[in-house]
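First the structure, then my questions, so here it is.
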Amino acid sequence: MRPSKAYMPQRQFRKLLMRAAIFCGLVVTLSACDFLYGVRRYSKINELPQLDCVSRVIRATPGVASVEARKQPTDRDYPPHDVYDFGYRGVEGSSIKGVVQFETGRGSVEFEDTDFWLNAKPPQQEIDATRPVLQRIETSLVNQCGVMPISRIREQCFRVNCQPLSK
C-alpha cells in the first residue's frame, strides 16, 4: 500500500526537523550571549587585604572623587566564597570609572581591576582615562596594603583599543 500524498516524504521531513533544530539552537545560543566591552586587569594574590586600606588607597588615588564599597552577594553556593567590590568614579568631567574586586574561595584570592560594560561599548575616552588609574591603584595596593600578586598582573581588552601604558 502506498502512502497518501497528504504525508510529507521522510527525506523532506528529516530536512525540516534538522532546520528547526538548527534554528532553535541558534535562538537559544544567541539569546544567552552577553558581550563584554572594556578592560580587565587581574591576578591571584597572597591574601585578602584589609578592606579599609583598599578603600583608603582608592580614595587617595589622583583623579578619583568617590568610592562605593560593598560585599556582593554571590549566586554560586559551591564552593562558598565572598566578593568585595569597590566601585569608583573620577572627578566631574574626567571619564574615570572602574571597579576593584576581590573574590575569596577555592583556596585563593583573586584580584580584578576593571572598567567593563555589558552589551555596549564604553567611550574610548573613558578607557584612556581609566587605565592609568587602574595601574596607580594597583601600585598603591602593593605598597600600602600589602597586596602581593602571586603572578604578574595581566590585562585583557575586550572590543576596545588599549594603547601600551607607561610604567
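The values are calculated or read from the model by the stated rules, or taken from the named source; none is laboratory data. The structure presented is a predicted model; accordingly, all values stated were derived computationally and were not measured. Cβ atoms come from the backbone with ideal geometry, glycine included; neighbour counts cover every protein chain shown.
Which of the numbered conditions does Arg89 fail, given that it passes all the others? Conditions: (1) at pLDDT 95 or above; (2) in a helix (DSSP H, G or I).
Status for Arg89: all satisfied but (2).
Next question. Sort through Ala69, Ala65 and tell me the only one that's over 23 Å from Ile153 (Cβ atoms), in contact with an Asp or Glu (Cβ under 9 Å, 6 or more places away or on another chain), assigned to a strand (DSSP E or B) and at pLDDT 95 or above.
Residue meeting the stated conditions: Ala65.
Restricting to region 127-165, give me the number of residues that are part of a helix (DSSP H, G or I) and in contact (Cβ under 8 Å) with a residue 24 or more places away in the chain.
16
Right, another one. Go through (1) within 17 Å of the chain's Cα centre (by Cα); (2) modelled with pLDDT of 95 or more and name the single condition Thr74 misses.
Failing condition for Thr74: (2).
Considering only region 100-115, I want to know if a residue exists there that is at pLDDT below 95, hydrophobic (A, V, I, L, M, F, W, C) and surrounded by fewer than 15 Cβ atoms within 10 Å (Cβ to Cβ).
No; the residues of region 100-115 include none that is at pLDDT below 95, hydrophobic (A, V, I, L, M, F, W, C) and surrounded by fewer than 15 Cβ atoms within 10 Å (Cβ to Cβ).
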